[in-house]
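The values are calculated or read from the model by the stated rules, or taken from the named source; none is laboratory data. In this text the structure is predicted, and so the values were computed from the model without any measurement. Positions of Cβ are backbone-derived with ideal geometry, glycine not excepted, and every protein chain shown enters the neighbour counts. The area values use the complete protein model at the heavy-atom level, side chains included, leaving out ligands, DNA and RNA. Shrake-Rupley method; radii C 1.70, N 1.55, O 1.52, S 1.80 Å.
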Amino acid sequence: MEHLEHHLQGVRDQLKNHPLYAQLESVEDIKIFMESHVYAVWDFMSLLKALQQQLTCTSLPWKPASDASVARFINEIVLEEESDFNELGETKSHFEMYLDAMKEVEADTSKVLQVISTFTNLEHISHQIENTDLDQAEKDFLQFTFEAINTQQPHIIAAAFTFGREDLIPDMFLGIIEQSGENGPSKYAKLSYYLKRHIELDGDEHGPLAVKMIKALCGSDEQKWEDVFTYSRRALERRIGLWDSIAKKLTENKDNLVDAL
């Protein structure tokens with residue numbers, strides 16, 4: 001894992017230092033960001049459920065998982081990602097919580113709901129993604145996710161699941177909310193809660209669990225580690241491509257605002 005992280009450091013630094021972060025200055029910027037980033041929130045769940053299908057028993061008759069410790073990792077993450085508690089104590093998936101946070105900042109949720117309603121099965125999903133009106137970076141991001149899932153190789157799916165996380169975003173968004181006026185945190189309670197929960201789970205629990213999972217899946221198999229490197233790098237590159245696209249939208253929006261003055 002240390003060798004893998006060393007060789008990914010360059011592209012990870014590129015993501016960490018992306019110009020997008022300097023453009024996120026207001027709640028309006030958060031709104032634009034969320035309308036594209038929501039696809040990454042949604043497809044994360046598809047990666048997670050693919051891992052659950054591969055690494056636990058979800059069919060009948062039940063049989064023990066090949067590695068109970070890995071199965072436990074996955075089931076713990078599924079529990080919190082698919083059925084967590086929101087700020088009101090209501091049971092919701094993190095995707096649903098994200099949609100609620102989008103509505104709070106007046107971001108459009110109708111498009112993502114319409115898009116994912118057109119996805120019916122893994123066999124045809126590549127064609128279905130191409131037929132959406134998403135921008136190319138959003139399509140490329142989703143295409144890579146389902147390419148990884150369709151390998152049906154747990155270590156490859158785990159690589160796409162683990163790397164390319166947006167570590168800087170929650171802290172940045174919380175800073176913007178806190179600076180948006182004295183009522184900012186209470187006005188955006190759902191978004192604030194989601195971000196804090198994201199920091200808590202990804203930093204303290206899910207991130208370390210995912211790393212342990214990859215170690216367990218690859219063991220001493222050099223080819224599997226090579227696959228993990230290839231797909232991890234591609235996951236990071238697709239995330240950078242999505243960030244490039246969002247940065248362009250933010251620039252265009254600000255230019256339009258200037259032109260309107």
Using a/c under 1.5 as the rounded threshold, could you call segment 1-124 rounded, prolate or oblate? The axes a ≥ b ≥ c are square roots of the C-alpha gyration tensor eigenvalues, and prolate needs a/b larger than b/c, oblate otherwise. oblate
Zone of Lys187 (label point 7 Å along Cα→Cβ, backbone N under 17 Å): which residues in segment 6-48? 25-32
Using a simple spin-label model with points 7 Å from Cα along the Cα→Cβ vector, what separation in nm is obtained for Asn150 and Gln114? 2.5 nm
Let a ≥ b ≥ c be the square roots of the eigenvalues of the Cα gyration tensor of segment 93-231; is it rounded (a/c under 1.5), or, if not, prolate (a/b larger than b/c) or oblate? oblate
With a 1.4 Å probe and all protein chains kept in place, how much accessible area does Glu178 have, in Å² rounded to the nearest 10? 120 Å²
Using a 1.4 angstrom probe with every protein chain in place, what is the largest-first accessible-area order of Glu252, Glu5? Glu252, Glu5
Straight-distance crosslink candidates among lysines, where the alpha carbon sits under 27 Å from Lys187 and sequence neighbours closer than 8 are dropped: Lys31, Lys92, Lys103, Lys111, Lys196, Lys249, Lys254
Amide H neighbours of Lys92 under 5 Å, at least 5 residues apart or on other chains, H built in the peptide plane: list them. Asp84, Phe85, Asn86
Yeah, segment 72-172 with a ≥ b ≥ c from its alpha-carbon gyration tensor (a/c under 1.5 is rounded, else prolate when a/b outruns b/c, oblate otherwise) is oblate
Got a sec to turn the phi values of segment 94-103 into Karplus ³J(HN,Hα) couplings, 6.51 cos²θ - 1.76 cosθ + 1.60 with θ = phi - 60°, whole Hz, x for Gly and Pro? 5, 5, 5, 5, 5, 4, 4, 5, 4, 4
Please state the charge dipole magnitude for the chain, taken about the Cα centre, from unit charges on C-beta atoms (+1 on K and R, -1 on D and E), reported in debye and rounded to the nearest 20. 520 debye
Can you give the Rg to Rh ratio of the chain, both from alpha-carbon atoms, with Rh computed by the Kirkwood formula? 0.96
With Rg from the Cα atoms and Rh as the Kirkwood inverse mean 1/r over Cα pairs, segment 218-261 has an Rg/Rh of 1.45
